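Below: one structure, written as structure tokens.
The values are calculated or read from the model by the stated rules, or taken from the named source; none is laboratory data. What you see is a predicted model, and the numbers here were worked out from it, not measured in a lab. So basically every Cβ, Gly included, is an ideal-geometry build from the backbone, and we count neighbours across all protein chains shown. The area values use the complete protein model at the heavy-atom level, side chains included, leaving out ligands, DNA and RNA. Shrake-Rupley method; radii C 1.70, N 1.55, O 1.52, S 1.80 Å.
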Amino acid sequence: MPEGSIKDGIGASVRRKEDKRFLTGSGRYTADITRPGQLHVHFIRSVHAHANIKAIRKDAAEAAEGVVAIFTGEDVAADGIGGPICGWVVTNRDGSPTNEPPHPILANGAVRYVGDHVVAVIAETLEQAMDAAELVEIEYEVLAPVVDLANAGSGPQIHENVPGNMYFDFELGDEAAATAALESAATVVELEVRNNRLIPNAMEPRAALAEYDPIDDSYTLFTTSQNPHLTRLVIGAFMLSIPESKLRVVAPDVGGGFGSKIYVYPEEAVCTWASKKLQRPVKWTADRSESFLADAHGRDHINKVRMALDKDNRITGLRVDTVANIGSYLSAFSVVTPTILHAPLLSGCYQIPAIYTNVKGMATTTAPVDAYRGAGRPEATYLLERVMDTAARQVGMDPAAFRRMNFIPKDAFPYQTPVALQYDIGDYEPPLDKALEMIDYKGFEARRAEAASRGKYRGIGLSSYIEACGIAPSAVAGALGARVGLYESATVRVDPTGTVNVFTGTHSHGQGHDTTFAQIVADKLGVDIGSVEIIHGDSDRIPFGMGSYGSRSLAVGGAAIAKAVDKVIEKSKIIAAHLMEAADADVVFADGKFTVAGTDNEKGFGEIALAAYVPHNYPHDRLEPGLEETAFYDPLNFTYPSGTHIAEVEIDPSTGVVELVDWACCDDFGNLINPMIVEGQVHGGIAQGVGQALLENAHYDETGQLITASYMDYCMPRADDLPNFKVDYTVTACTHNDLGVKGCGEAGAIASPPALINAVIDALAPLGVTDMSMPATPEKVWRAINDAQTEAAE
Amino acid sequence: MTMVNLTLNGKQVSADVPDNTLLVTFIRETMGLTGTHVGCDTSQCGACVVHVDGESQKSCTMLAAAAEGASVTTIEGIANGDSLHPMQQAFHENHGLQCGFCTPGMVMSAIELVQDNPNPSEAEIREGLEGNICRCTGYHNIVKSVQAGAKMMGG
């Protein structure tokens, strides 16, 4: 393992520092933690999509062996416990606010999706809690469900204060200009797409373990969170109404999140509340069925798209009308995801003079829908890259050439789109060219012919994407409805012996922060990477931070670390100048050493650290002792990763099975800190996108039952569903953070679904197939082939 | 209650547990070895794979009592002191893990795969790992790790 020198700095594929504990079974996930005397809670969940609760009879269960308490919505209401809140709302087209219904942590009078939390049964063992749950009788008055998104507005009203089941009605852009462009277009391209509903499925199910300490009236909550401080803020201030300072939230090792562990859910609040009522630790671990039912789902849009082209096939306008399924309650980022994280992305990497979009957010009796890897941007990219291919086909152009002629040219940056964003930098042709070369685009027709000789249909599909990461200047976000700031924090504490502790507000749940962040610090301070520790996930140890989502950890959190390290260096220089009796301005810091220009005087970083803590000879008139600095970094703009992904598929007409035979992508993430880790992020993102395009679909039947609620029914990508991926990069460095980085966590999931579906359509286009919905299952593909052949024969 | 006696990572262990105790519960809760994970409730995800008498076994699908007298090896039992098992080392060198949750089961499955087939092709590895779900890596680097691990194990 190549640790131990500065060669492990920025740009090196350092093997991960965190690996050993995971590889030896020494990871510490929430479910692995046990506290003395802990109780176990089992949640009784609604079996109906929509119902009033007439009565809950719990006497028999309360008398069952091992049962300690059984709580219902009445108990929650009696204690004045609040529910999860929506962290970002929007203003409607008519100027009115988002409709926000209450969301009790245990159902109070009504249930609104299968899986809704109704009763908490708490017992000495989990088995006793589950057995006792069988004895609880719940009498329901079943109501009509609302499942069909397209007609959700005409269904029975789900919440008292959400008329027409519409939470919000958002718009962005210039409607008149878009209409004018469409009316005067030489070509109008129309497309309707459904962005299928997904279930995030981090491999570690959610869990919570709460403990109350009566000595100082404080709580500790271990939980599977991507952002422990947000959990502390929401549970403390909005749900339990306890001082934040009395609640410690620890997110230890977390086994993947993909968005689903951003939000505060009812379960962890129930555990925390009950831990004081019962004066015992209370633990809950989801089983996978509960994860399917009650983790926030992702995507689920219907998008109607109209694109205008002039006589030279340049795009002149775009209109998108979207209906987004928000589900039964407003989850934390459920409103911002299909609006602020979606609508401003509709310009993609293209010059489009006029854009208008309307997004209606609908309530349905399904699980809450929120941000899932990509969050709004995959939906925007999917519709845009699908309509780009549809347009190219309609006007008879090569899809790569059509994209290229409509790209924003590299000399047009900074580029102001008509949908609010200003792209700071980008260059879209080099990644397109590189990806085309990597997959041998020129040789494709020969491969198609060879496949045809074997009776297979071969297709190729492109997707050129842009995304907006590292949201956002807090002031801008606030003006757009955010109820939180979007900065990140870091404290860099140098020990007297020169080792370094970095306390970051971001959270690592697979992204490798222990390594990437250590590389930044090692590089800047010239110290051994092994002497840098990254600490995250414990609200008692780290400064207030916003956690990890939206590909923000490096672009915002890394930038905060770099700023804090710079402050350490600045202070160290003054100490060094004092020790070497030189002027501050003459001290130079490089390779871990402070030198005085023009002399052979030098002091190592460790010597300065020691002097800061043993300040016998020290500039006391100018500095306080110690060497510890904190920085909060508030980004100046989004970052804009971009690139091109290309999928190549082969379809067996006798089975409809789509085989993914090749993948090439070239991404521009700005500067790379650890290329090995970046590549891993790209692989994982693509796999999730392939899952969306070919395999995964969360399906509710007409009664509102989730039909795909286990790994037997919800098709996760497995090793034999995927090929190896060809991955490469171009670099335009981000202009507004010191590291020049943009973020890479979501790109694969954003770029890949349209590339795959475009490839499937390309394979079947010779048969006359022009559309394919996600997921392109064997049945759908087989039917499309059969229908096309039948039509051709008639 | 049933008295279960088995060899766990080379040590004789015994415990009196409820008859319906699963092997994974015995390992995680009775014996306190939490490296073996539970990721699903339908025997699909493979996070709980251990070796029972040298064979891969989803420990959520076996009663502890059924392992009476068996030799059970978990992720905690394959390194040699501070020196990682070649397959663990290969996963480290090839970035074959991200969040780490599926990793113990993945490594245990990979070891048995290579024991049965010392020089597996990419397709054989992909097929052989079909019973282990990873949500983070896209499997590309897992396949690479198993190829490297097979070489290091002497295949």
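Miscellaneous remarks
- Flag if A:Glu100 is open to solvent by 20 Å² or more (accessible area, probe 1.4 Å), more than 26 Å from A:Ala332 (Cβ to Cβ) and at pLDDT 95 or above: no
- Members of the stretch A:172-223 that are in a strand (DSSP E or B), buried (at least 24 other Cβ atoms within 10 Å of the Cβ) and within 14 Å of chain B (Cβ to nearest Cβ): A:Leu198, A:Leu209, A:Phe222
- Members of the stretch A:645-663 that are outside any strand (DSSP E or B), over 15 Å from A:Arg448 (Cα atoms) and not β-branched (Val, Ile, Thr): A:Ser654, A:Gly656
- The numbered conditions (1) open to solvent by 10 Å² or more (accessible area, probe 1.4 Å); (2) touching a strand residue (DSSP E or B) at 6+ places or on another chain (Cβ under 7 Å); (3) not in a strand (DSSP E or B) are all true for A:Gly348 except (1).
- When the criteria are applied in full, A:Tyr729 fails the requirement of being out of contact with any Asp or Glu (no Cβ under 7 Å at 6 or more places or on another chain) and surrounded by 18 or more Cβ atoms within 10 Å (Cβ to Cβ).
- Qualifying residue in the stretch A:762-783 (condition: within 14 Å of chain B (Cβ to nearest Cβ), touching a residue at least 60 places away in the same chain (Cβ under 8 Å), over 22 Å from A:Asn201 (Cα atoms) and not charged (D, E, K, R)): no
- Complete set of residues in the stretch A:116-171 that are open to solvent by 30 Å² or more (accessible area, probe 1.4 Å) and in a helix (DSSP H, G or I): A:Leu126, A:Glu127, A:Gln128, A:Met130, A:Asp131, A:Ala150, A:Asn151, A:Gly153, A:Ser154, A:Pro163, A:Gly164
- Out of B:Leu113, B:Leu97, one residue alone is at the interface with another protein chain (Cβ under 7 Å from one of its Cβ atoms) and among the aliphatic types (A, V, I, L, M). It is B:Leu97.
- Among the conditions (1) facing chain B (nearest Cβ under 10 Å); (2) under 22 Å from A:Gly459 (Cβ atoms); (3) open to solvent by 10 Å² or more (accessible area, probe 1.4 Å), the only one that A:Glu679 does not satisfy is (2).
- Qualifying helices (runs of 4 or more DSSP H) (wholly inside the stretch A:422-501; at least 1 residues being touching a residue at least 40 places away in the same chain (Cβ under 8 Å) and over 30 Å from A:Ile535 (Cβ atoms)): A:429-438, A:444-453
- In the stretch A:689-703, of all residues being touching a Leu at 6+ places or on another chain (Cβ under 8 Å) and outside any loop (DSSP other than H, G, I, E, B), the one that is surrounded by the fewest Cβ atoms within 10 Å (Cβ to Cβ) corresponds to A:Tyr700.
- Restricting the stretch A:504-549 to residues that are within 23 Å of A:Asp8 (Cα to Cα) and assigned to a strand (DSSP E or B), the residue that is most open to solvent (accessible area, probe 1.4 Å) is A:Glu533.
- Tally, over the stretch B:103-120, of residues that are crowded, with 20+ Cβ neighbours inside 10 Å, more than 10 Å from A:Phe22 (Cβ to Cβ) and in contact (Cβ under 8 Å) with a residue 60 or more places away in the chain: 4
- Yes/no for A:Leu706 being open to solvent by 10 Å² or more (accessible area, probe 1.4 Å), in contact (Cβ under 8 Å) with a residue 40 or more places away in the chain and either at the interface with another protein chain (Cβ under 8 Å from one of its Cβ atoms) or closer than 27 Å to B:Cys40 by Cα (or both): yes
- Criterion: under 20 Å from A:Asn161 (Cα atoms) and either among the charged types (D, E, K, R) or assigned by TED's automatic domain parsing to the domain that holds A:Ala392 (or both) - qualifying residue of A:Ala343, A:Ala308, A:Ala332: A:Ala332
- Criterion (within 10 Å of chain A (Cβ to nearest Cβ), of a type in the set (Gly, Ala, Ser) and within 30 Å of B:Gln12 (Cβ to Cβ)) met by exactly one of B:Ala79, B:Ala67: B:Ala79
- When the stretch A:10-49 is filtered for residues that are open to solvent by 10 Å² or more (accessible area, probe 1.4 Å), more than 9 Å from every other protein chain (Cβ to nearest Cβ) and more than 20 Å from A:Ala251 (Cβ to Cβ), the ones remaining, listed by number, are A:Ile10, A:Gly11, A:Ala12, A:Pro36, A:Gly37, A:His40, A:His42, A:Ile44, A:Arg45, A:Val47, A:His48.
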